[in-house]
């Protein structure tokens, strides 16, 4: 009988099965425990970290741009306003391909190459959650086209932002200045946190000088957004702090009157309160409309301004350097007293010319036959050149330089406006450094009557006149009178000291009386008035050089070759409230410039309190009614200081005043050119 073997070992299979089950349970249990541990690690140990990370995906901090501070004149008249415009913005966090988005948006909202370049520059440094401006000042058409297809552009929105508006146009352009889009250079220099959400920055004038005060501090808003960048709810906000309001020392009425005098002319007028240094009016003509620059000036508009021969963008009052002519004679005469070279009784016999010892060249007086016997008082009244030729020869250029610099010549005045010119009060050291040649005695003679290499700005002349009116008390010209806001900024409205003068108080009074007689019976007699006393001095600055021995013939010169007319003065003479400097380019002589000053004196001393000049009220409300209207197209002041429309464009930028670099360098003791001494005051 055969032995039978079982086909299955049930017990063995059971053991194998149980071992496999236990192994599987062990594996599952191990990974389950590992998962629990990992879950606990994430939820307990790193709960705060991942919670914040999750919030960042849906909760964002968006910057709130601060409103820019307003700018007012001394009477509270608004000079720089804010008004709303519609702006297209893009959220970096909600757009994966910004280049493609910008490309598709270009035909819809009319993005220019400049808009695109600025956007790319700004988005490189922007935070992930920051909204970056694509285009300012959208039109109604732009808004309508975008609204129809907004769903195709997640992360792109149209917002309302504030921009700048200057209601008085060109009247205050050179002093208030303007704001413009932040460029690449400025973007590298500014604090990104402080300018989050801001597109505009001060470019020139007060807007640039006091950018830190006007800008303010941004705030932030916490929002919850969905995956498309749409705002679901507002979680909280920290309000921005508006920039400080500035109150300038400028007077709207006086500025208007001064601008009217220069309408259609090239030149500058500066009026200062000699007691404080406050600038009451500052006009440069021709001017320009600053509103053109706010949201981006067009190429054609900018080219027209840049290439205009009259240079409307050039601030003649602060940057223009002109030969001051005879306007500096009162200050120079006081230097003769300081160094005890002359006194009020010192007299000369004027034959109509002066020549250096051993040199036959004649430095001629403006009056060919001379003035006879001339003392200091008479030399100021009739503007005797020969008197100052002799004085300068005895004083020497070094002493003249030391003395005249106390009045602010040859250095910046310290005015709170950008791009101020230093002018030039020449010296032997300057000539050796710049021209590699020695100083000639004949050059001292030319400098003595405000000619040669001597140049000054209208602002410097106004400051020197204020110091003379103050009997030597030094003031710093400034336009900021007060500021109100979160930031503290001290303002100095008082003299800063006195110049070093060895004479007496009586010398200042005698000089004032001599300047009064200039108006009563001298070269400025055309503006005398019985209502108050003006102390002044006329001056004429030569534009075209005339060879030795030749006569000045106005008929042979074109309009831009005629002499510049200058005037400085203060009033009332005994208790000055206003000091003025006037430069009229190609105005022929100082008497014509004095005529421009008289209405300014009259307004400030006679009319202002009784019948002040006030502006027409300009109101600008934002919204679709003004959507797309550029600030340059909005209403502005009636006073026009625009460049003449028929002015030819220039081939390249050039100055209208003789450049010291273009003057011929002589190698003799006296100049081979006729100086202003041969030109009538």
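Values quoted throughout were computed directly from the atomic coordinates according to the rules given, and no laboratory measurement underlies them. Remember, predicted model here, so these are calculated numbers, not experimental data. FYI the Cβ positions are ideal-geometry reconstructions off the backbone, even for glycines, and counts take in every protein chain you see.
Footprinting exposure proxy ranking of 512, 435, fewest other C-beta atoms within 10 angstrom first, gives 435, 512.
Taking the beta-carbon count within 10 Å as an exposure proxy, list 45, 283, 475 from fewest neighbours to most. Please list the in-between numbers first.
Numbers: 45 10, 283 33, 475 27.
Fewest-to-most ranking of 45, 283, 475: 45, 475, 283.
In which sequence would 417, 305 go, from the one with the fewest C-beta neighbours within 10 Å to the one with the most? If I rank by nearby Cβ atoms, fewest first, I get 305, 417.
For the pair residue 500 and residue 429, label points projected 7 Å from Cα toward Cβ lie 1.3 nm apart.
Quick check on the range 475-531: take the gyration tensor over C-alpha atoms, sort the square-rooted eigenvalues as a ≥ b ≥ c, and tell me if it's rounded (a/c under 1.5), prolate or oblate. It comes out oblate by the Cα gyration axes. For the pair the range 279-349 / the range 89-121, the C-alpha centres are spaced 45 Å from each other.
Quick check: from the Cα gyration tensor, does the range 17-120 come out rounded (a/c under 1.5), prolate or oblate? Please list the in-between numbers first.
Numbers: a/c = 7.82, a/b = 2.57, b/c = 3.04.
Here the range 17-120 falls in the oblate category.
Taking a ≥ b ≥ c as the square roots of the eigenvalues of the alpha carbon gyration tensor, the range 136-224 is oblate, as a/c is not under 1.5 and a/b does not beat b/c. Note on residue 17 and residue 304: the extension gain reaches 93.7 nm, defined as 0.36 nm multiplied by sequence separation minus the Cα-Cα distance. Given R₀ = 56 Å, what would the calculated FRET efficiency be for residue 614 paired with residue 32, taking r from the Cβ atoms and rounding to 0.05? The formula returns an efficiency of 0.05 here.
Provide the gained length on full extension for the span residue 9 to residue 347, in nm with one decimal, where the gain is 0.36 nm per separating residue minus the Cα-Cα distance.
On the way: separation 338, 0.36 × 338 = 121.68 nm, distance 14.75 nm.
Between residue 9 and residue 347, full extension yields 106.9 nm more.
For the range 36-144, averaging the sequence separation of C-alpha pairs within contact (under 8 Å, six or more residues apart) and dividing by the residue count gives a relative contact order of 30 percent.
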